[in-house]
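The values are calculated or read from the model by the stated rules, or taken from the named source; none is laboratory data. Keep in mind that what you see is a predicted model, and the values were worked out from it rather than measured. Cβ sites come from the backbone with ideal geometry, for glycine too, and all protein chains shown count toward neighbours. Each accessible area value is taken on the protein alone, full model and side chains, heavy atoms only, with ligands, DNA and RNA left out. Shrake-Rupley method; radii C 1.70, N 1.55, O 1.52, S 1.80 Å.
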Amino acid sequence: MDLLLLGPPGAGKGTQGVLIAERLGIPKFATGDLLRDAVRLGTPLGLQAKAVMESGALVSDDIIMGVVGEELRKPTAAGGVIFDGVVRTIPQAEGVAALLATLGRRIDKVLFFDVTDEEILSRIEKRRGIEGRADDDPVAVQRRLKAYREQTAPVLDWYRGRGGVTTIPAVGTVQDIADRVKQAIGA
Ligand code: ADP
């Protein structure tokens with residue numbers, strides 16, 4: 001099964017993604033984690049992405065599609081993948097659909113993690129104290145929310161037009177949300 005997690009920054013996609021990956025036994029693929037590792041290691045990809053990420057803007061579609069292509073070629077991805085925060089623009093949605101089609105696959109389900117801006121701001125502020133992410137400072141957070149509204153929110157409509165989107169109210173405890181996810185994917 002190929003599953004896509006969509007929602008604003010701080011919606012809890014990463015946390016739920018780990019739980020779903022364990023349950024379904026398929027890998028979780030988060031471009032944000034992959035890019036942060038690349039920045040930490042100082043690889044060419046990391047050097048390209050660092051400033052853009054820290055500003056809160058989106059990394060270019062070309063770079064993201066290169067990374068997605070590489071991930072989907074891995075043998076471990078053959079049985080399906082949980083895409084966590086991977087598709088953030090319409091060109092990425094089209095690119096992922098095209099890549100999966102070459103493998104005879106499609107996004108089987110989209111889970112939209114629905115949460116208010118207020119809740120997001122308070123979660124990110126908490127996370128900032130714990131993880132110290134450069135893009136969790138208030139100016140970068142505002143830019144990330146703007147990028148979400150302008151570039152990623154239209155992706156939700158793109159998938160809605162194709163069916164298979166379930167909205168998960170993403171407030172409550174981790175367990176509450178995990179239960180809603182279980183119901184949505186039937187596993
Ligand atoms: P969050 O969901 O909390 O904003 P992520 O860890 O998913 O954080 O992403 C962090 C940053 O990495 C983004 O703000 C962006 O700069 C970059 N990034 C991650 N995934 C993508 C993507 N699919 N397209 C463009 N940029 C991305």
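Screening LYS182 with (1) part of a helix (DSSP H, G or I); (2) open to solvent by 60 Å² or more (accessible area, probe 1.4 Å); (3) closer than 22 Å to GLU94 by Cβ gives one miss only, at (3). Taking the criterion of being closer than 19 Å to GLY85 by Cβ and not hydrophobic (A, V, I, L, M, F, W, C), the residues of region 107-125 that qualify are ASP108, LYS109, ASP114, THR116, ASP117, GLU119, ARG123. Tallying residues that are over 19 Å from the mean Cα position of the chain (by Cα) and buried (at least 16 other Cβ atoms within 10 Å of the Cβ) within region 118-136 yields 0.
Among the residues in region 169-176, are any open to solvent by 50 Å² or more (accessible area, probe 1.4 Å) and touching a residue at least 60 places away in the same chain (Cβ under 8 Å)? Quick ask: steps written out before the conclusion?
First, pick out the residues of region 169-176 that are open to solvent by 50 Å² or more (accessible area, probe 1.4 Å): 169, 171-176.
Narrowing the set further to residues that are touching a residue at least 60 places away in the same chain (Cβ under 8 Å) leaves 174.
Within region 169-176 (the criterion being open to solvent by 50 Å² or more (accessible area, probe 1.4 Å) and touching a residue at least 60 places away in the same chain (Cβ under 8 Å)), the answer is yes, since at least one residue qualifies.
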